[in-house]
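Quick notes on the structure that follows.
What follows draws every value from the coordinates through simple rules; no lab data is involved. On a predicted model such as this, the values are computed, not experimentally measured, just so you know. Neighbour counts run over all protein chains shown; Cβ positions are idealised from the backbone, glycine included.
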Amino acid sequence: MNIILITSLFELKNLLLKKATWLIAMVYTLFSIVICISDNLRESYFSLTESVPVTLCNFVLPYVLVLIFMCVISPIFAGDREYGIEQIPLTCLIGRKGRSISKLIGAVLFSLIICTLLVFVTFIICTFFGLTNGNVLIKNISSESTQLILKPFWTAWQHIGFSAISLTVGSILVSLLVLLVSCCTKNTLSSISICGIIILFEYLINKFSFPTIFQEYNIWVFLQPYYLFVMEILNISPLINLCLLSLTFLPICLFAVWQISRKGV
């Protein structure tokens, strides 16, 4: 167990040192600063809610997280096959299965750290520019094409905290999906492409006129937390909706973990 833990931390370190992680995070940080500085840009395109960090967490950060996980986690298994080093784990003390479990733990920890870090960065930037509006009630999502009433009415502080929790769950789901695809593909490009197609398909189902059950039983409900306020099937409360929806995804997560530990190189 100690060896697996040490190996997991080593895998985590490798993921955190990937240049793509910090390049995408830096672009997001600069973009957030530009939104906070530019009143015209913010009012024209990012005034969907009364609080800028709530808007960023629901309409910008999810895409950034998905992009990071696809670029950084995809090579974990597929990259080994691509470069012909898939047999190296057989020489490790913990063996192939132990190495696969270590990679799994490292990837999940990576997703948790990156999600938490970027939510924190969003909050700090908006607070620095005085745009948090923490006590204001968030009543709706307003755009030119639609207006959704968010009930119950929560303050921006509550929305930010809830968004952090929902995005964390969504990040774990996406990281498991990407890792599962990675261990079933032969190169990084194939892994990224398949993950992109799956996530895009989920996005299109969520956004367009598909049956409600497919729209709500969807990864993007976690990644864009405001959906949990306007659900039709689970029309209870956002927190209970999140818990129940997470439970329904649990069998899929367990299946992914089993497949990764069994098939991983």
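Taking chymotrypsin sites (Phe, Trp or Tyr not before Pro) across the stretch 161-227, the ones in a DSSP loop with at most 10 further Cβ atoms lying within 10 angstrom of their Cβ are 208. Counting beta carbons within 10 Å around each of 258, 22 and listing the fewest first gives the order 258, 22. Take the chain, mark every one of the GluC sites (Glu not before Pro) that falls in a DSSP loop and has at most 13 other Cβ within 10 Å, then report the longest stretch left between them, sites excluded. My reading of the result: 1-143 is the longest stretch. Here are some values of Kirkwood radius over Cα pairs in Å: [x] 18.6; [y] 20.5; [z] 19.4. Which one was computed from this structure? Evaluating Kirkwood radius over Cα pairs in Å on these atoms matches [z]. Annotation: for a label point projected 7 angstrom from Cα along Cα→Cβ of residue 43, residues of the stretch 110-133 with backbone N closer than 18 Å are 130-133. Cβ-Cβ distance of residue 208 and residue 97, R₀ of 41 Å, FRET efficiency by 1/(1 + (r/R0)^6): the value works out to about 0.50. Distance between the 7 Å Cα→Cβ label points at residue 33 and residue 14: 3.3 nm. Fully extending the segment from residue 124 to residue 193, taken as 0.36 nm per residue of separation minus the present Cα-Cα distance, adds 21.5 nm. As a calculated quantity, the FRET efficiency between residue 26 and residue 233 at R0 = 45 Å, using C-beta atoms, amounts to about 0.70.
Counting only Cβ charges, +1 for Lys and Arg and -1 for Asp and Glu, the dipole size of the stretch 2-263 around its Cα centre is about 840 debye. The C-alpha atoms of the chain define a longest principal axis, and helix 188-207 lies at about 30 degrees to it.
Working note: 222 nm ellipticity from helices only, DSSP H runs with n ≥ 4, each -39,500 (n - 2.57), summed and divided by the residues of the chain, gives -23500 deg cm²/dmol to the nearest 500.
Available extension along the chain between residue 153 and residue 136 is 5.1 nm, counting 0.36 nm per residue and deducting the alpha carbon span.
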